[in-house]
Each structure stands twice: as structure tokens, then as C-alpha cells.
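K.L.:
Handing you a structure now.
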Amino acid sequence: SSGINAEYGQAGGDFALIYTPCFYRGSMSASAYLNHFTEIADSSPIPVILYNVPANTGIDLPVETVVTLANHDNIVGIKESGGNVVRIGTIAYKTKDLDFQIVAGSASFMVPSYSVGAVGTVAALANVMGDEVCHLHDLISANKDCLELQHKLIAPNTAVTATFGVAGLKFVCDNVGLYGGPCRSPIQPLDSTQKKKLSAVMANVGIDCSKSSD
């Protein structure tokens, strides 16, 4: 990770988003994570953001480990993709006096995340509904009525993440003038039935995917 971070920094990257190691789950103790992320942060030329994504790793980075790592000068935040609002609020409270920020990892739970201390969002849905995701961020930040838009984003966000995954997001990107491109093996592209189901979800929020749904 350290070498790659250096390359990213030289290429103009602002932050390194480092997800939780998970391959040898039995050995992934709190001390192992502390050592791992500390070593990366010590050697990284750009600030590090922790990435907690339990749906993919099967592991929740322990809250106390996050709090300890938040004291590192080069670890500046965490992307929380698990949707556990109690966890997000606990981390926010325990790091409130540190230069450490939390961003929600999904457009589906922006409102509850912000309400307990998150300050932003990194969401897959923003690739195809960027204006709406940014508008929701602005509404929340301005303490304006935001529930209607939050509710509107839940179904399409779920569709391009949990339901149809990377293949679904690529499919929608290809239909809105962006380049989604082929999936990398072993992920398979959507079949015709999946395309029609996803197209129906996106049509409900004004995105036409019908030209590629056959």
C-alpha cells in the first residue's frame, strides 16, 4: 500500500482510501489493524482515510481501533459503508476533538449519518445521480427539508449496489453517456432479465436505460 500511495501522490491524488484487510480473518485482531494502518500512515505521502465496508470484507473495524487510529496525524477520516448509525455516532463523539471526519459510504443513509456526525458522502450512486446526491448533501448541511430526496435515492442506490452490484452500476453508466465498460472477471455482466429490472428502478427516478435493456 505504501508504494501505491506514493504513486497516487505523485499523480495528484489527495487521499488514500484504505479498506480493511480481511483475507486471513482469524488473524485480523485489533493490534494487527493498528499496526497495519499505522505503518501505512507513517509512510504515506498523502493523508489516509480508513474504509470500513463490512458487506464486502465481513469485518467491522473495531470502534476503539478507529478512535486510536484517529489520533495519527496522517489518518484524517473514515468512510463508513456499514450503515450502522450507532457506530457512526459513537465514532463521531469519541473523535470530536480530533482532526478526523466521517463520511457516509452510501447515498441510502446520508440523513441519519449526518444527524450523528458524518460530514459528507462517498457513494456509488453519485456516478449516475451526482446532482441529486450533492443536492441532498446541501439540503442536510443547510438544515432544510431533505427526507423526500433521501427517500427517493434509496431504491436506485440499493439497485446499483446491493442488488445488482458493480455490473449494475456499469450498466447504468453506459446508459447515461458515461463509460461503464466491461466487468472484470469473475464478475459477470447483467443478463436481460436483470437489465429490465434495473431499468425499471432507474426509470422511476427519471433515468432511461431502456436502450440497453434487451
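The values are calculated or read from the model by the stated rules, or taken from the named source; none is laboratory data. Keep in mind it's a predicted model, so treat the numbers as computed, not measured. Using ideal geometry, Cβ is built from the backbone for each residue, glycine included, and neighbour counts are taken over all protein chains shown. Calculation scope for accessible area: heavy atoms of the full protein, side chains included, ligands and nucleic acids excluded. Shrake-Rupley method; radii C 1.70, N 1.55, O 1.52, S 1.80 Å.
K.L.:
Please go through segment 32-61 and give me each residue that is open to solvent by 50 Å² or more (accessible area, probe 1.4 Å) and either of a type in the set (D, E, K, R) or in a loop (DSSP other than H, G, I, E, B) (or both), ordered by number.
P.N.:
Once the filter is applied, which keeps residues that are open to solvent by 50 Å² or more (accessible area, probe 1.4 Å) and either of a type in the set (D, E, K, R) or in a loop (DSSP other than H, G, I, E, B) (or both), segment 32-61 yields 39, 42, 45, 60.
K.L.:
Using beta carbons and a limit of 7 Å, which pairs, at least six apart or on different chains, have the first residue in segment 187-214 and closer than 15 Å to residue 159 by Cβ and at pLDDT 95 or above and the second one open to solvent by 70 Å² or more (accessible area, probe 1.4 Å) and part of a helix (DSSP H, G or I)?
P.N.:
Close Cβ pairs satisfying both conditions: 205/152.
K.L.:
Please indicate, with yes or no, whether at least one residue in segment 147-155 is at pLDDT 95 or above and over 30 Å from residue 115 (Cα atoms).
P.N.:
Looking only at segment 147-155, we keep the residues that are at pLDDT 95 or above, and these are 147-155.
From what's left, over 30 Å from residue 115 (Cα atoms): none.
Checking segment 147-155: not a single residue is at pLDDT 95 or above and over 30 Å from residue 115 (Cα atoms).
K.L.:
Name the residues in segment 164-186 that are among the β-branched types (Val, Ile, Thr) and in contact (Cβ under 8 Å) with a residue 24 or more places away in the chain, would you? Don't jump to the end; show me each part of the working.
P.N.:
Going through segment 164-186, the residues among the β-branched types (Val, Ile, Thr) turn out to be 166, 172, 176.
Within segment 164-186, 172, 176 meet the criteria.
K.L.:
Check whether at least one residue in segment 181-197 is in contact with a Lys or Arg (Cβ under 7 Å, 6 or more places away or on another chain) and either aromatic (Phe, Trp, Tyr) or under 24 Å from residue 149 (Cα atoms) (or both), and report yes or no. Spell out the reasoning first.
P.N.:
Filtering segment 181-197 down to residues in contact with a Lys or Arg (Cβ under 7 Å, 6 or more places away or on another chain) leaves 181, 183.
Restricting the remaining residues to those that are either aromatic (Phe, Trp, Tyr) or under 24 Å from residue 149 (Cα atoms) (or both) gives none.
Scanning segment 181-197 turns up no residue that is in contact with a Lys or Arg (Cβ under 7 Å, 6 or more places away or on another chain) and either aromatic (Phe, Trp, Tyr) or under 24 Å from residue 149 (Cα atoms) (or both).
K.L.:
Shifting gears a bit: Sort out which residues of segment 177-214 are surrounded by 15 or more Cβ atoms within 10 Å (Cβ to Cβ) and closer than 22 Å to residue 131 by Cα, and write them in order of number.
P.N.:
180, 198, 199, 201, 202, 205, 207, 209
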